Every structure is written in structure tokens, then in C-alpha cells.
Amino acid sequence: MSLFNTKLVVMKKTKISSYKEGSKALKKQLSELISPNAFGVFNSDAEELNKEHTFILKRKVGDKAPNFRLLNTGNEPVNLYDVLKTKKVVLTFYKGTWCPYCNLMLSHYETALPEIQKAGATILAISPQTPEESLNIKEKNNVQFEILSDNGNIVSKEFTTIHKIPEKSLTKMTELGTDYDSYYSDEASELPIPATFIIEKDGTISFAKTEGGDYRNRVESSEIINALHKNKS
């Protein structure tokens, strides 16, 4: 069973009121659906990444966000500063379709999208996946916001730390039926540490947060919404 399929089981059974609540249910589901050995490898890798990466964010509050132009799921270019002409941007970085915690996060943010839009913002989610895989994760999670493809992590490395996925995790993913390389245009096995930013219409970053190298933890949508209202303009 692939990791993505385990995510589908969780999402059908769990009504998410917070990411933290959903992740607890997800961890329990994964512990029941994959072998104890595989579950232990993924958990230890997450903990090791958390210890290894302590200074993660490359941009902080008050910085100007660098402009970028990336392809969306329809292979159409999206320019950050063009979007900022009419609304603020919640910019979030994730790993890929195969990652159950990324699917959970995107679903969680989709639930919060109406409130985010009321606060004058939209969401742009970025990963190094191909546009085809970005479309896959968008459809699987019924996401209405833009999901963009950053081949080679060119944009991601401007905002967050990039790390190489541990070989033991890749091995366990293969054993579980997940062809990791099929999701990406290169074979570098490099991924962004999840992080979320709010960019004001003038390009200034007003919120910047990561929950650390442990990719199982993500920024709650309630924090994003509170920050948007705090800086409402």
C-alpha cells in the first residue's frame, strides 16, 4: 500500500478541525496500515531532520519577497507580483503527493480558504513536483487554490531550507509501492522543509513560520487567519 493511499483512508474517516488533530489521527492510521519497521523509519527520520535543521527560514518578517514565475497545474505561468496586485498571498511549501502529511495540510488549508479569502488573500502552494503531479494532488484533495511546480527548488530555496531525503526513507517508500522519482523532473531527492509565509500586496513578508524539520508538523490555518486579520489593510 502506498503512503498516499493510507492518507485517503484517514481523510475519509476524520473530520479535521485543526491540523494537529488531523495529524494525530493520521499517525495512528499509518501505524496500523504499514509495518512497525517502516513506521519507525519514517518517524526516526522526521526526528533526525528536526534535530539537524534548526535555522530553516531564509526570509523573515519585514523582508521583501523575491518575485517568481512558476507553472500551475494547467502548465500556465503564475507570477507572484501579478497576484499581489489584487490580493495578499499565503505562500506555503510542501513535499509531494506521496507525503500523507502534505495531503493533510493541503486539505486543512482548503477548509480554511473561504476565511483566508475574506481576509483579502489567496494561497499559493509550492513543491518541486511536476505539473502533472501537482494536478494529481490538487484533484485528490479538491483544492481550489493554485498549486505550483518548482523544479529544482529554485524558488523554495529562497524561502526555506532544502534537504536531501534520507536513503532509508526512500528504500521504505519503494517497499511500500511508492515510486518517489516519478513525482519529480530530476533525481536529486531534495525537498523543501515545510514553511508558510504571508506576503502583503507591496511584497513585504508579514508572517513567516515553520514548525521545524519534522515534516509531520505544519502551521495551523488558524494562525494564518489570525495573522491576516492582524495585518488587515
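Some observations on this one:
- Lone unmet requirement of (1) part of a loop (DSSP other than H, G, I, E, B); (2) open to solvent by less than 30 Å² (accessible area, probe 1.4 Å); (3) in contact with a Pro (Cβ under 9 Å, 6 or more places away or on another chain) for ASP214: (3)
- When restricted to residues that are in a helix (DSSP H, G or I) and hydrophobic (A, V, I, L, M, F, W, C), segment 100-126 contains 7.
- Taking first residues from segment 146-172 that are at positive phi and partners that are open to solvent by less than 20 Å² (accessible area, probe 1.4 Å) and outside any strand (DSSP E or B), the Cβ contacts under 8 Å between residues at least 6 apart in sequence or on separate chains come to GLY152/PRO128; ASN153/PRO128.
- Single residue of segment 62-75 satisfying the filter (open to solvent by 80 Å² or more (accessible area, probe 1.4 Å) and not in a loop (DSSP other than H, G, I, E, B)) that is farthest from THR204 (Cα to Cα): ARG69
- Among the residues of segment 76-97, those identified as part of a loop (DSSP other than H, G, I, E, B), of a type in the set (Ser, Thr, Tyr) and open to solvent by less than 10 Å² (accessible area, probe 1.4 Å) are TYR94, THR97.
- Pairs are defined by a Cβ separation below 7 Å, a sequence spacing of at least 6 or placement on different chains, a first member in segment 24-40 that is open to solvent by less than 60 Å² (accessible area, probe 1.4 Å) and polar (S, T, N, Q), and a second member that is modelled with pLDDT under 90 and assigned to a helix (DSSP H, G or I); the pairs so defined are GLN29/THR6; GLN29/VAL9; GLN29/VAL10; SER31/PHE39.
The values are calculated or read from the model by the stated rules, or taken from the named source; none is laboratory data. In this text the structure is predicted, and so the values were computed from the model without any measurement. Note that each Cβ is placed from the backbone with ideal geometry, even for glycine, and that neighbours are counted across all protein chains shown. Heavy atoms of the whole protein, side chains included, go into the accessibility calculation; ligands, DNA and RNA do not. Shrake-Rupley method; radii C 1.70, N 1.55, O 1.52, S 1.80 Å.
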